[in-house]
1. Listed here are the pairs 133/337; 45/419; 217/337; 217/301; 93/126; 45/269; which of them are more than 29 Å apart at the Cα?
2. Less than 13 Å Cβ to Cβ from residue 145, Lys/Arg counted +1 and Asp/Glu -1: what total charge do the surrounding residues give?
3. Once you list every other residue whose beta carbon is under 14 Å from the beta carbon of residue 74, what net charge do they have if Lys and Arg are +1 and Asp and Glu are -1?
4. Pop a pseudo-label 7 angstrom from the Cα along the beta-carbon direction at both residue 296 and residue 269 and give the gap in nm to one decimal.
5. First select every other residue whose beta carbon is under 15 angstrom from the beta carbon of residue 270; then total the charges, Lys and Arg +1, Asp and Glu -1.
6. What list of ³J(HN,Hα) couplings, whole Hz, do you get for region 324-336 from phi and the Karplus terms 6.51, -1.76, 1.60, once you set θ to phi - 60° and write x for glycine and proline?
7. Taking amide hydrogens as modeled 1.01 Å from N in the peptide plane, which residues meet the under 5 Å criterion relative to residue 170, leaving out close sequence neighbours?
8. Relative contact order for region 23-332: what is it in percent, counting Cα pairs under 8 Å that are at least 6 residues apart?
Amino acid sequence: MAKHFLLLLFAVCVVAIDEEPFIGVNIGRDLSDMPHPTQVVALLKAQQIRHVRLYDADQAMLIALANTRIQVAVSVPNQEILAIGQSNTTAAKWVSHNVIAHYPATNITTICVGSEVLTTLPYAAKVLVSALKFLHSALVASNLDHQIKVSTPLSSSMILDSFPPSQAFFNRSLNPVLVPMLDFLQTTDSYLMLNIYPYYDYMQSNGVIPLDYALFKPLPPNKEAIDSNTLLHYSNVFDAVIDAAYFAMAFLNYTNIPVVVTETGWPSKGDSNEPDATVENANTYNSNLIKHVLNITGTPKHPGIGVSTFIYELYNEDAKAGPLSEKNWGLFDANGKPVYVLHLTESGGVLANDTTNQTYCVAKDGADPKMLQAGIDWACGPGKVDCSPLLQGQPCYEPDNVVAHANYAFDTYYHQMGKSTQSCDFNDMATISTTNPSHGSCVFPGSLGINGSFPNVTLSSLNSTNSVSSASNLHSGELGIRSLLMVIVLLLWGVVLL
């Protein structure tokens with residue numbers, strides 16, 4: 001059996017040329033039923049996501065992220081830039097309230113000043129560099145300027161004549177702001193933040209950009225795009241845009257500012273005029289992106305130098321305005337269920353939402369407690385599940401509620417039956433999940449047992465408040481012997497997986 005380990009989304013957010021690249025996620029909050037911050041953090045932990053970017057500095061989220069070691073990029077919303085860019089005092093107050101008040105318990109590593117300000121907010125662009133400098137000065141005053149970097153996410157649309165990359169240059173009308181901004185980034189050892197959307201490049205190319213080229217799909221050499229000036233071969237849009245940014249900076253004599261991609265992704269659903277916004281394409285793009293970044297492939301201009309990247313985004317945002325695709329960029333729905341299963345087995349690790357040999361059978365959200373209890377009774381009786389770990393004093397007794405006990409009973413039966421889809425039904429009260437429901441010393445069948453500081457939890461157990469019945473009356477005979485056998489089976493299972 002091939003080895004499968006949970007992929008740790010790692011590295012520090014202060015990016016330098018010689019450091020390992022990371023994959024992070026953006027957390028938008030335009031959901032009609034936004035999960036509580038503690039639920040968001042539980043999902044991040046279960047998925048081993050170690051880097052996040054917030055679009056603001058929401059206090060509840062920052063508190064929930066405390067003591068998790070997750071590295072956090074906070075943001076100054078666009079509507080606040082004008083005030084901060086005109087007042088050093090306002091900038092200092094913002095840093096005090098949104099950074100210093102939470103640091104170091106919350107591991108804030110970056111301040112993102114606005115989003116795509118140069119191309120969408122010309123009135124704020126005039127004070128953007130001042131805002132960057134004022135915020136940085138506030139960090140300097142608190143001796144945090146080496147730990148926390150300041151930058152601003154830019155749209156890749158400001159790069160003109162982007163192919164071939166060697167001919168790329170920034171929109172010259174932006175130079176009065178862009179040049180001093182690049183001076184600031186270079187002086188403070190910060191990085192150029194870039195939002196890259198191959199999906200839109202593909203959609204707007206009128207057929208010039210092939211779909212496979214946008215999706216990171218392998219291309220034969222004769223299908224790769226060639227920069228006629230450098231003879232470098234490009235097999236995907238993502239690398240071409242990044243190198244275009246490097247060449248555009250070099251055109252202005254800036255050659256040592258690294259790039260961090262603050263947004264990229266692919267929508268899983270769209271309107272009728274967006275036929276390529278599909279689950280399959282979203283899965284392909286993000287799976288290939290993650291492997292590309294973490295394998296430290298680099299770009300043709302800078303091979304072997306990875307580019308840290310934040311995927312857009314963690315959740316589907318159903319309350320977002322615009323076309324259907326705008327609501328469907330997420331990796332998960334509001335309940336923490338994966339929109340699709342990432343295929344990462346070739347990257348040397350497995351993200352927690354990859355179901356390769358790691359699926360679990362758990363109670364559906366909102367399932368009838370009486371039906372769940374009936375399912376437990378059947379699994380622990382006719383289903384021949386060893387439910388002794390659910391007895392009082394045993395590892396899986398807590399939390400003592402019907403949902404948590406159903407999760408264990410259903411999942412054990414599911415694994416006993418070889419993880420067949422039919423075995424995870426229980427009168428339509430169960431569903432297959434990719435989130436490991438193990439907790440504390442309660443290790444579920446099939447679990448890799450990765451708990452430690454990043455325990456795997458289920459949102460259903462966090463949401464449940466009903467305690468209908470304990471497992472003290474479950475049908476189980478010869479509990480001591482069967483419990484011992486269960487421990488042996490789990491140990492053997494762990495040895496096989498490792």
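The values are calculated or read from the model by the stated rules, or taken from the named source; none is laboratory data. Computed from a predicted model, the values in this text were never measured in an experiment. Glycine gets a Cβ as well: all are built from the backbone with ideal geometry, and neighbour counts include every protein chain shown. The accessibility values were calculated without ligands, DNA or RNA, using every heavy atom of the protein model including side chains. Shrake-Rupley method; radii C 1.70, N 1.55, O 1.52, S 1.80 Å.
1. Values: 133/337 41 Å; 45/419 25 Å; 217/337 26 Å; 217/301 20 Å; 93/126 21 Å; 45/269 27 Å.
133/337, as the Cα separations exceed 29 Å there.
2. Values: positive: 133, 149; negative: 189.
Spelling it out: positives minus negatives among the neighbours equals +1.
3. On the way: positive: 29, 53, 149; negative: 56, 58, 80.
Result for the neighbourhood of residue 74: 0.
4. Modelled inter-label distance: 4.0 nm.
5. Details: positive: 269, 320, 327; negative: 271, 274, 276, 280, 317, 318, 326.
After counting each charged neighbour, the total is -4.
6. 4, 4, 4, 8, 10, 9, x, 7, 9, 8, 5, 8, x
7. Result for residue 170 returns 160.
8. Details: 587 pairs, mean separation 56.5, N = 310.
That works out to 18 percent.
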